[in-house]
Amino acid sequence: MKIFQNYIGGEWRPSQSDKTFQNANPADTREKVAEYPMGNGEDANDAIRAAQKAFSEWSAMTPVARGRILSRTAQVLESRKAELAEFLTREEGKTLAESQGEVQRAIDIFRFFGGISYTLGGQTIPHDLPNNLLYTVRQPLGVVGLITPWNFPIAIPAWKMAPALVAGNTVVIKPASQAPGPTLELAKAIHEAGLPKGVLNVVVGEGRSVGAELAANPAVAALSFTGSFQVGQQIYQQLAPRMARGQMEMGGKNPTIVLADADLDLAAALAAKAGFGLTGQACTATSRVIVEQDVADAFTEKLVARAKAIKVGNGLKTGTDMGPAVSRQQLDGNLQHVDIAQKEGARLAYGGQRLAGGEWANGFFMQPAVLDRVRPDMRIAREEVFGPVIAVIAVKDFDEALSVANGVDVGLSASIVTRDLKKAMLYTQRIEAGVVKVNQISTGLALQAPFGGVKKSSTDSFKEQGASAIEFYTKVKTVYLDYSV
Ligand code: NAD
């Protein structure tokens, strides 16, 4: 079992609470994976003070010098890729292949923002008078708070931390307690890469103490959060009175539309990968398939065949396609949604049962579920499940499909499967989502492109990822310079 401490002011420290907690492997809870300090508000406060102290020196360094530390971090992570991926699977449950992909993503993000350091700059604007210079510079905000979820426990901390740091901010991050280990491993790597003391601080602990301190402390200039709407909305309200900058990235109810002209084998393969991959625990997972009624039964049959072929098990075992839910609570929630859907009149076409005997005896396993005859007003068609559950909704045509797709209060990712270029283009224009894909899975993002949702999926004032991620972490100053005198 790994033993971790908080990372504050460049040191590894226990919590002032003197309490610790342990995480077990969700595929086999007999295995304890790691022990963590149960951080509290005082630890968060110490971390904020350490970050405040480190700010003037760090922000005075050139972006290129900061970027070099990020590039070196990528190298350190690369040298530990196999070990990190295995640890991630043990703690969060996703398959080893999925963990390897996620660790590689974190490495690439650090490399990308290391490179971006050479391009950080402002704009030169023509002045209306001669011999005058008018330009903008981008400056860091100060201490930035980051609060992250458990489902991508290394990629999400990396995609917030790297732009925050290269822009010259100092950081306090609170990872989710279900899987905080990879964030602490990131801290180890960045420490070894030469990050000055106090520039990055990691405090593990409960949302309502550590997270609440980050949201309420006036020394925290901005807060970037990824997680549920309930928590994101609460934090946003805490930031408003002191007008601190906030970026809340939250859940989705992502549709994949399947039109009658689609290659149904392709459509079923894409929906299964986007809905059951990562055990459905992706914010961009397909949870609704909206299919034209003429092909609905044929599509469902193909999707069920895909679901049946999925090998559920311990993510470390070769041949496993889908790992467990991260926790008992998450598993119970998934099963409950399947149950409620049936009570509301949906048909369980396949799966949705807990897997309990044999190799599944000590983990949080379930079969992937396909529900059809789902109506848009049912809870299964409106609420995020965050598990391997796909609701199939039959509609009469493209217009109805679009209206059903847009008929929820969230809008993160969306996909369409069709050979009809005109309808595909109309969909990209009219779907209310931050990301839209044609003939591709709704999950999976390019790290160099902006990402974020609309409606209740995001505060949508800033994007994450890609070069535009820098905007949240910097403020623009306009400089007027008269050299005619
Ligand atoms: P969550 O909201 O329960 O927790 C997220 C983080 O907030 C955790 O670190 C948690 O400890 C902390 N927290 C909880 N209560 C808090 C409080 N009162 N004050 C401050 N912090 C608090 O979410 P989760 O279960 O970890 O993650 C799943 C959710 O995240 C899903 O809704 C999913 O769609 C969403 N998600 C969104 C994206 C995206 O980019 N839009 C990406 C991944 C996950």
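The values are calculated or read from the model by the stated rules, or taken from the named source; none is laboratory data. Computed from a predicted structure; not experimentally measured. Here the Cβ is made from the backbone with ideal geometry for all residues, glycine too, and neighbour counts use every protein chain on show. Please note that ligands, DNA and RNA were not included when accessible areas were found on the heavy atoms of the full protein model with its side chains. Shrake-Rupley method; radii C 1.70, N 1.55, O 1.52, S 1.80 Å.
Some observations on this one:
- Cβ-defined net charge surrounding VAL392, 13 Å radius [Lys, Arg +1; Asp, Glu -1]: +2
- Here the calculated FRET efficiency for ARG208 and SER71, from their Cβ-Cβ distance with R0 = 41 Å, stands at 0.65, rounded to the nearest 0.05.
- Expressed as a whole percent, the accessible area of the chain that falls on carbon and sulfur atoms is 51 (1.4 Å probe).
- Separation in nanometres of the label points that stand 7 Å from Cα toward Cβ, at ASP377 and LEU421: 4.1
- Student exercise, region 254-438 dipole from Lys, Arg, Asp, Glu Cβ charges, in Debye to nearest 20: 420
- Cross-link reach list, aspartates and glutamates versus LYS81, counting only Cα pairs under 19 Å and skipping chain neighbours closer than eight places: GLU91, GLU92, GLU98, GLU102, ASP108, GLU185, GLU192
- FRET E, pair ASP265, ASP128, Förster distance 56 Å, beta-carbon r, rounded to 0.05: 0.35
- Model label sites at GLN329 and GLU359, defined 7 Å from Cα along the beta-carbon direction, differ in position by 2.9 nm.
- Where the chain is the region considered: accessible area per residue in Å², 1.4 Å probe: 40
- Folded to 0 to 90 degrees: helix 155-166 orientation relative to the chain principal axis, Cα: 20
- Taken about its Cα centre, region 97-241 carries a charge dipole of about 140 debye when Lys and Arg each add +1 at the Cβ and Asp and Glu each add -1 at the Cβ.
- For SER403 and SER484, the FRET efficiency from 1/(1 + (r/R0)^6), where r spans their Cβ atoms and R0 equals 60 Å, is about 0.50.
- In the chain, the longest principal axis of the Cα atoms and the axis of helix 421-430 are about 50 degrees apart.
- Over the chain, relative contact order from alpha-carbon pairs under 8 Å, at least 6 apart, %: 18
- Of LYS302/LYS456; LYS197/LYS463; LYS94/LYS308, pairs whose Cα-Cα distance is over 27 Å: LYS302/LYS456; LYS197/LYS463
- Sequence-separation-based contact order of region 329-454, relative, with Cα cut under 8 Å and 6+ spacing, percent: 19
- Cα gyration tensor of the chain - equivalent ellipsoid semi-axes, whole Å, descending: 39, 29, 19
- Residue-averaged 222 nm ellipticity for the chain, from DSSP H runs of 4+ at -39500 (n - 2.57), nearest 500: -11000 deg cm²/dmol
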